[in-house]
Each structure stands twice: as structure tokens, then as C-alpha cells.
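Visitor: This is the structure I want to talk about, given as C-alpha cells.
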Amino acid sequence: MAELSNRVVAFLSEGTRTGMLGFVAADGRPLVTPVWFVVDSGELWFTTVRSSPKGRALQRDPRLVICVDDPHPPYSFVQVQGVASLTDDPQAVLDIATRAGARYMGADRADEFGRRNAVPGEVAVRVRPTKVISAFNISD
């Protein structure tokens, strides 16, 4: 397992940067979709519907990549390659959905988004990093 440095964790956790999740479709096509995520103990977490394209793909092949960038000068990015594991434990799903709701929608709407997204069929996805690539202040 690769470790997320303090600088990488700070970058990934700053503001409302959306992760771009890359995975492989059943027919072998590479797909990318945005995800709201949180960082916890050196791992990335997000929620999805188990039967969604990304949910089905990660059950079939747990390898994935999440890329997060800062599109403003001086430009930076972090790419986390990893292995996913899915859980439908209601408390885990509620916890991740609520924390993501707080991050992306604000603390005052965290419970609303947590409960909206912690419904039957929803899973929490834990990403264990296997490789981390980062570049900060690229244009400096």
C-alpha cells in the first residue's frame, strides 16, 4: 500500500475539489466519472449505488484511479491509484455520505445529504492507495 503524504492529504482535503474516478467497464472501455470523496486515515472514501456503472465495475474489478486537480495557476494535481472495497454497512454509508455532504454542501446541510444518500442500495467505497503521483505548483 502506498502512503498519502501530509501534503497530498492537505491538497485532497482542501475545499470542494471533486475527484475524477477512472474505472473499466465490462466491455473494457475506460470510463471516468466525478465523485465526492473524503480522506480518512490515509484512504479515500466515497459513496455510490451498488448497481450503478461504477458500483458494478468496482465489484467486478476493484482497481481504480482517482485524479484531483487544481485548475488554477500555478496548477497542481494528485493521482491516487488503488484498490476498492465496498460495504453496505448502514452506519459506514451514513458516515461517509454525511461527511461528504458537509464537505461539498456545507455543515448546515450535512445531515440532509447524508440521509439522502444513505439509502438501501447505496454503498461506501474505501480506496486503499497502491500508488500516488502528485505535482504541485506546476507552472512556477
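The values are calculated or read from the model by the stated rules, or taken from the named source; none is laboratory data. Everything numeric here is computed off the predicted structure, so don't read it as measured data. Cβ placement follows ideal geometry from the backbone for every residue including glycine, while neighbour counts extend to all protein chains displayed. The area values use the complete protein model at the heavy-atom level, side chains included, leaving out ligands, DNA and RNA. Shrake-Rupley method; radii C 1.70, N 1.55, O 1.52, S 1.80 Å.
Visitor: Given +1 on the Cβ of Lys and Arg, -1 on the Cβ of Asp and Glu, and no further charges, what dipole in debye does the chain carry about its Cα centre, rounded to the nearest 20?
Guide: Approximately 380 debye in magnitude.
Visitor: Report, in whole Å, the centroid distance computed from the Cα atoms of the range 87-140 and the range 7-49.
Guide: About 9 Å separates the Cα centre of the range 87-140 from the one of the range 7-49.
Visitor: Let me ask another. Is there a quick way to get the dipole size of the range 82-140? I mean about its Cα centre, with the Cβ of Lys and Arg at +1 and of Asp and Glu at -1; what is the value in debye to the nearest 20?
Guide: 160
Visitor: Tell me the label-point distance for the pair Phe136, Val119, using the 7 Å Cα-to-Cβ offset, in nm and rounded to one decimal.
Guide: Here the modelled spin labels are 4.0 nm apart.
Visitor: Place a point 7 Å from Cα of Gln59 in the direction of its Cβ. Which residues in the range 80-115 have their backbone N less than 15 Å from it?
Guide: 85-89
Visitor: Spelling out what I want: for every residue of the range 47-52, take phi, set θ = phi - 60°, compute 6.51 cos²θ - 1.76 cosθ + 1.60 (Karplus), and round to whole Hz; glycine and proline get x.
Guide: Result, ordered by residue: 10, 7, 7, 3, 8, 6 Hz.
Visitor: For the range 67-140, report the accessible area per residue in Å² (1.4 Å probe, heavy atoms, rounded to an integer).
Guide: Using a 1.4 Å probe on heavy atoms only, each residue of the range 67-140 averages 53 Å².
Visitor: Using amide H atoms built in the peptide plane, which far-off residues or other-chain residues are under 5 Å from Arg17 H to H?
Guide: The list, which skips near neighbours in sequence, is empty: none.
Visitor: Please give the contour-minus-distance gain from Ala107 to Asp88: 0.36 nm per residue of separation, less the Cα-Cα distance, rounded to one decimal in nm.
Guide: 4.4 nm
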